[in-house]
1. All but one of (1) at pLDDT 95 or above; (2) part of a loop (DSSP other than H, G, I, E, B) hold for Lys430; state the number of the condition that does not hold.
2. Just to be sure I understand, how many residues within the range 434-482 are small (Gly, Ala, Ser) and in contact with a His (Cβ under 7 Å, 6 or more places away or on another chain)?
3. Looking at the range 189-266, what helices (runs of 4 or more DSSP H) fall wholly within it and have at least 3 residues that are modelled with pLDDT under 95?
4. Take the range 9-27 and flag every residue that is modelled with pLDDT under 85 and crowded, with 21+ Cβ neighbours inside 10 Å.
5. In the range 342-360, which residue that is in contact with a Leu (Cβ under 9 Å, 6 or more places away or on another chain) and either assigned to a helix (DSSP H, G or I) or not β-branched (Val, Ile, Thr) (or both) is nearest to Arg383 (Cα to Cα)?
6. For the range 370-380, does any single residue satisfy the condition of being of a type in the set (S, T, N, Q) and open to solvent by 20 Å² or more (accessible area, probe 1.4 Å)?
7. Where residues in the range 165-188 are assigned to a loop (DSSP other than H, G, I, E, B) and polar (S, T, N, Q), which of them is nearest to Thr480 (Cα to Cα)?
Amino acid sequence: MEKIIDEDKQGDSLILDQKEGNKRKLFIESYGCAMNFSDSEVVASILANQGFNTTKTLEEADLVLVNTCSIRDKAEQTVRKRLEKYNAVKRDHNPKMKVGVLGCMAERLKTKFLEEEKIVDLVVGPDAYKDLPNLLAEVDDGKDAINVILSKEETYGDISPVRLNTNGVTAFVSITRGCDNMCTFCVVPFTRGRERSRDPQSIIEEISDLWSRGFKEITLLGQNVDSYLWYGGGLKKDFDKASEIQKATSTNFSTLLDMCAKAYPKMRIRFSTSNPQDLTMDVIKTMAKHQNICNHIHLPVQSGSNRILKEMNRLHTREEYFKLIDNIRDIIPNCVISQDMIVGFPTETEEDHQDTMSLMEYVKYNFGFMYAYSERPGTMAERKMEDDVPQATKKRRLQDIVDLQRAHSEIRTKEHLNTVVEVLIEKESKKSNAQWSGKTQHNIVAVFPKEHYKIGDFVNVKITDCTSATLIGEAVELSTNN
């Protein structure tokens, strides 16, 4: 739940430039959060050096991989349907095809896919992608292959990811892996392991490469980016065992953010996802200091009830969250704040639900990602709590918060009417090929007539109209950011 899931991207099959001499075909499909899509780029990079070119045609693939998500039951059911499809194609059209599962479902279900269900040839956890050449050799020899060992060190900082299905303008840069926050509803610590951070120098080098190729915006990515801590390698939880020199020369998230912003002052910088307990004042002050750090914080709260927050093992209270919101708005008055919210967590009462509604009224988020609780196998909530809120109640409460969020989104979006905002052009508008679509630094979509502008331009746009989620306007001029 700590990860933003873009429903428009689910199931994208990824494609990259063909490498001359590569004879084998790879079909790779991704589900879940931005981290999974970023990981698929790492996998494609590794396999490009093993003789694979990507294809969008499932039937011609030598190797089919699906990068999976365990965050919701719906995501797992979708993947299972896709595996049925792959195996039907394998049976009817291409018996030599090999099928593999990557990512969080691979980590969670491990040998079940291979031994019990016998529906795949290959199972690879999120920390084992560098072992793919060895695992594929096993598969080529007619054996099943599995590696779901979680690493204390792996960050893939030494692999330059290929950029798949990219618009050439925006890119993800992974800075941490794993999570130490044992929220009782969340499967991530079990599927992605303990938290560790990537060498800041390798992050700057990746951003440098993206800048040289014309990218204009990056998102620093992690399960919990605010927890970023580099002290020479190793797990964050072992920092207290580090030497005095390691501690004195360590890099935290606010320092990394400052380094990135200074190194590329015209590169827009975003980050996701934050955790309320770890978002410190120095991060907020660093954001305020740099024009190129976007004024948007995705700040999952999950519930407005202190009792439920405690049951979830969230290490913040409702009051602490309010104080954090107030501090953000004091230091960055025009900062956009978005949320993740779960309704129907075990034991949630109507009073708890009203606490969530009143928290939303206080913050008035710009947008959010809202879910009804679904029990995830292996989590503390699944092991120790009964999923006792009826489905009909969950559905009603979810509709309550969705309706309230829609009303708040409209209020927040209208605040931009008759203002001039900077928009980074990313693509054509879905509704009209005569218009460009891009995002403001507040992460709000804006559309405007194309005129003489092009993808990758920063354009100042006068906002004349809006929907609850989209700004509509007219270009004024190129911004000074170009």
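1. That leaves (1) as the condition not met.
2. In the first step, residues of the range 434-482 are kept if they are small (Gly, Ala, Ser); the result is 434, 437-438, 446, 456, 468-469, 473, 475, 479.
Those still in the list that are in contact with a His (Cβ under 7 Å, 6 or more places away or on another chain) too: none.
Result for the range 434-482: 0.
3. Values: elements: 200-212, 244-248, 253-263.
The qualifying helices (runs of 4 or more DSSP H) are 200-212, 244-248.
4. Pass one, the range 9-27, residues modelled with pLDDT under 85: 9-22.
The one that is modelled with pLDDT under 85 and crowded, with 21+ Cβ neighbours inside 10 Å: Leu14.
5. Of the residues in the range 342-360, the ones in contact with a Leu (Cβ under 9 Å, 6 or more places away or on another chain) are 343-344, 357, 360.
Narrowing the set further to residues that are either assigned to a helix (DSSP H, G or I) or not β-branched (Val, Ile, Thr) (or both) leaves 344, 357, 360.
On the way: Gly344: 17, Met357: 28, Met360: 30 Å.
Among those residues, the one meeting the criterion is Gly344.
6. Residues of the range 370-380 that are of a type in the set (S, T, N, Q), as a first pass: 374, 379.
Subsequent filtering for residues that are open to solvent by 20 Å² or more (accessible area, probe 1.4 Å) retains 374.
Scanning the range 370-380, I find at least one residue that is of a type in the set (S, T, N, Q) and open to solvent by 20 Å² or more (accessible area, probe 1.4 Å), so the answer is yes.
7. Quick first cut of the range 165-188, residues assigned to a loop (DSSP other than H, G, I, E, B) only: 165-169, 175, 178-187.
Next, from what is left, pick out any that are polar (S, T, N, Q): 165-167, 181, 184.
Numbers: Asn165: 28, Thr166: 25, Asn167: 22, Asn181: 41, Thr184: 47 Å.
Across the range 165-188, the extreme among qualifying residues is Asn167.
Matching residues to (1) over 17 Å from Met312 (Cβ atoms); (2) touching a Gly at 6+ places or on another chain (Cβ under 8 Å); (3) among the polar types (S, T, N, Q); (4) assigned to a helix (DSSP H, G or I):
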{"site": "Tyr362", "(1), (2), (3), (4)": "yes, no, no, yes"}
{"site": "Tyr371", "(1), (2), (3), (4)": "no, no, no, no"}
{"site": "Glu382", "(1), (2), (3), (4)": "no, no, no, yes"}
{"site": "Asp387", "(1), (2), (3), (4)": "no, no, no, no"}
{"site": "Ala392", "(1), (2), (3), (4)": "yes, no, no, yes"}
{"site": "Lys395", "(1), (2), (3), (4)": "yes, no, no, yes"}
{"site": "Leu398", "(1), (2), (3), (4)": "no, yes, no, yes"}
{"site": "Arg406", "(1), (2), (3), (4)": "yes, no, no, yes"}
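The values are calculated or read from the model by the stated rules, or taken from the named source; none is laboratory data. This is a predicted model, so every value here is computed, not measured. In this analysis, Cβ positions are derived from the backbone assuming ideal geometry, glycine residues included, and neighbour counts consider all displayed protein chains. These accessible areas exclude ligands, DNA and RNA; they are computed on the full protein's heavy atoms, side chains included. Shrake-Rupley method; radii C 1.70, N 1.55, O 1.52, S 1.80 Å.
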